[in-house]
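Visitor: What follows is a single structure, and I will ask about it in a moment.
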Amino acid sequence: MIQLIEVTEENWMSIARLSVTDRQKTFLDSPLGIIARGYVYRHCNARVIGIADGSQIIGVALVRDLDEEPACYDLQQFMIDKSFQNKGYGTEALKLIIKMLKNEGKYDCVEVCVNKEATPALKVYEKIGFVDTGYIDDDAPDCLNLMYYFR
């Protein structure tokens, strides 16, 4: 059963050992980089979220508050270890993250920027209900800006 877990001093090394395919490394930060970003964005209510299947840690995500327009949750990073991909874990974990943020209730949407070449990731986001906003960030012209609106 997939669950979201707190990153602690007991489990952060297991998170740090997660890895993705070489191709995915061009789109994602390393797990240690994700943990570091959580610290850097701590003043934006950043949360590094572990993803587990029972006692096995299989992924990690980073969400922060984004108060600029459009004010929303910013899903900065989301990764499932390469040995657990293509098994539905990413979809289930993303649903849990969406539910957690909806229940938190600070914003009415979640934003994610995804490289246009990250086709499997784009399919997962679209399957959950993220839609392309059409916005192109000058700093990330190779990425699509996707938004999920809570209903």
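The values are calculated or read from the model by the stated rules, or taken from the named source; none is laboratory data. This is a predicted model, so every value here is computed, not measured. Glycine gets a Cβ as well: all are built from the backbone with ideal geometry, and neighbour counts include every protein chain shown. Side chains included, ligands, DNA and RNA excluded: accessible areas come from the protein's heavy atoms. Shrake-Rupley method; radii C 1.70, N 1.55, O 1.52, S 1.80 Å.
Visitor: Would you tally the residues in region 4-18 being open to solvent by 50 Å² or more (accessible area, probe 1.4 Å), outside any loop (DSSP other than H, G, I, E, B) and over 15 Å from Arg47 (Cα atoms)?
Guide: Adding up the residues that qualify gives 1.
Visitor: Next up: Given the criterion outside any strand (DSSP E or B) and closer than 19 Å to Thr26 by Cα, identify the matching residue among Gly59, Gly90.
Guide: Values: Gly59 fails: outside any strand (DSSP E or B).
That would be Gly90, the only listed residue that is outside any strand (DSSP E or B) and closer than 19 Å to Thr26 by Cα.
Visitor: Still on this structure, I have one more. Taking region 102-134 as the region of interest, how many residues are free of Cβ contacts under 8 Å to residues at least 24 places away in the same chain, over 15 Å from the mean Cα position of the chain (by Cα) and farther than 19 Å from Val63 by Cβ?
Guide: The qualifying residues number 3.
Visitor: Now, a different point. Report, by residue number, each residue of region 40-53 that is under 12 Å from Val7 (Cα atoms) and part of a helix (DSSP H, G or I).
Guide: Hits for region 40-53: nothing passes.
Visitor: If I go through region 21-57 residue by residue, how many of them are among the charged types (D, E, K, R) and buried (at least 16 other Cβ atoms within 10 Å of the Cβ)?
Guide: Of the residues in region 21-57, the ones among the charged types (D, E, K, R) are 22-23, 25, 29, 37, 42, 47, 53.
From what's left, buried (at least 16 other Cβ atoms within 10 Å of the Cβ): 29, 37, 47, 53.
Selection size over region 21-57: 4.
Visitor: Inside region 109-130, can you point out the residues that are part of a strand (DSSP E or B) and open to solvent by less than 30 Å² (accessible area, probe 1.4 Å)? Write out each step before concluding.
Guide: Restricting attention to region 109-130, the residues satisfying the condition of being part of a strand (DSSP E or B) are 109-115.
Result: Cys109, Val110, Glu111, Val112, Val114.
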